[in-house]
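Below is one structure, written out as structure tokens; the observations come after it.
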Amino acid sequence: MNIFEKKKAQILELWVNNQLADEGLREDLISNEELRASSEELVDILVSTLNEENINNVYSPDFDPVLEILAGISITRARQGFSPRETGLFVLGLKEALLSVLQDIYAGEASKLYSESLKVNKLLDNFSMVMFETFIKGREEVILRQTDEIAEISTPVIRVWDGILALPIIGTLDSARTQIVMENLLQEIVETGSSIAILDISGVPAVDSLVAQHLIKTVSATRLMGAECIISGIRPEIAQTIVHLGIDLSDIITKASLASALRFAFANLNLEVRKVVKEKVSR
């Protein structure tokens, strides 16, 4: 396939111009210079790699450098926020440029044009699939990282007083999140030497048997660290659900509100908070 080597500059210009003319071009995510640089790198390695033997073997090791470049572009675009369609069109645009050059080369040779076009189609379609698969993996990594970050943010352990910690839980409490809650809470108990921890579930939309079991596990782990655990934010509907499900929380201190839990914690630590009214000083 040395014919492409001679037409490398033409292929690059066709491809880049097609990308720049696309209405869906994301100039907010990639500059024209970056687009041309990545396109030129891929064209150079692809054209120098292609030959009559490997073009019929999409799994040829010769294409490993090409696939490596495509994988890098896919991962980068996944992290930048490109859509799967926008990423897939990157390779499909290259195929269009290659087919256009073939039409010029084999003008008047319909049979030769057909056979060579089939080879290019098969090869570039395979590259497109590889790029798409890599993109999906990259997006999954981004989503998992964001999920972990959100979980960390949504389970803050707050030091409300010396010896008293509070952990407001907002959203559904599943197994993975329970593990994060326990780890953060136990670590903070060790670092602060706190003896009371308050789990406020007023932001939990519903409590079923599974959520209750997660709460019981957290309370048990806290007690093993030598701290007492209080569950606050027990709304009337949650109380009814717990009773209906027959869940036994009798050995766990529960309060209707965070304020009530704080009052209990203060009393447990023999602390008293009083409002002091300062007298006005007359001049």
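The values are calculated or read from the model by the stated rules, or taken from the named source; none is laboratory data. Just so it is clear, the structure is predicted and the values come from calculations on it, not from any experiment. Cβ: placed from backbone, ideal geometry, glycine included. Neighbour counts: every protein chain shown. Only protein heavy atoms, including side chains, enter the accessible area calculation; ligands, DNA and RNA are left aside. Shrake-Rupley method; radii C 1.70, N 1.55, O 1.52, S 1.80 Å.
Tell me the net charge near ALA71. Cut-off is 12 Å between Cβ atoms, ALA71 excluded, with +1 for each Lys or Arg and -1 for each Asp or Glu. Intermediate values should be presented prior to the final figure.
Numbers: positive: ARG77, LYS137; negative: ASP64, GLU68, GLU133.
Net charge around ALA71: -1.
Using only Cα atoms and rounding to the nearest 10 degrees, what angle (0 to 90) does helix 175-192 make with the longest principal axis of the chain?
Tilt relative to the chain: about 60 degrees.
Got a number for carbon plus sulfur as a percent of the chain's accessible area, 1.4 Å probe? It would help to have the intermediate numbers written out before the result.
Details: 8720 of 16210 Å².
The nonpolar share, carbon plus sulfur, comes to 54 percent.
Compute the long axis of helix 110-153 from its Cα atoms, compare it with the longest principal axis of the Cα atoms of the chain, and write down the angle in degrees, 0 to 90, nearest 10.
Its long axis makes an angle of about 10 degrees.
Which entries in LYS7/LYS122; LYS255/LYS275; LYS217/LYS275; LYS8/LYS112 show an alpha-carbon gap greater than 30 Å? It would help to have the intermediate numbers written out before the result.
Details: LYS7/LYS122 20 Å; LYS255/LYS275 23 Å; LYS217/LYS275 37 Å; LYS8/LYS112 20 Å.
Over 30 Å apart, Cα to Cα: LYS217/LYS275.
Taking +1 at the Cβ of each Lys and Arg and -1 at the Cβ of each Asp and Glu, which of VAL181, VAL211, TRP161 sits farthest along the dipole of the chain towards its positive end, judged by Cα position relative to the Cα centre?
TRP161
Between ILE170 and LEU92, 0.36 nm times their residue separation minus their Cα-Cα distance comes to what?
Numbers: separation 78, 0.36 × 78 = 28.08 nm, distance 4.47 nm.
Contour length minus the Cα-Cα distance gives 23.6 nm.
Under 13 Å from the Cβ of THR192, count the other residues' Cβ atoms, weight Lys and Arg +1, Asp and Glu -1, and hand me the total.
Working: positive: ARG159; negative: ASP162, GLU188, GLU191.
Value of the local net charge: -2.
Run the simple label-point estimate for LEU99 and VAL160 please: 7 Å along Cα→C-beta, distance reported in nm.
Here the modelled spin labels are 6.6 nm apart.
For GLU272 and ARG36, calculate 0.36 nm times their separation in residues minus their Cα-Cα distance, and state this gained length in nm to one decimal.
Details: separation 236, 0.36 × 236 = 84.96 nm, distance 6.95 nm.
So the chain would gain 78.0 nm between GLU272 and ARG36.
Using only Cα atoms, tell me the angle between helix 236-245 and the longest principal axis of the chain; keep it within 0 to 90° and round to the nearest 10.
80
Give me the Å³ per residue figure for the convex hull around the C-alpha atoms of the chain.
258
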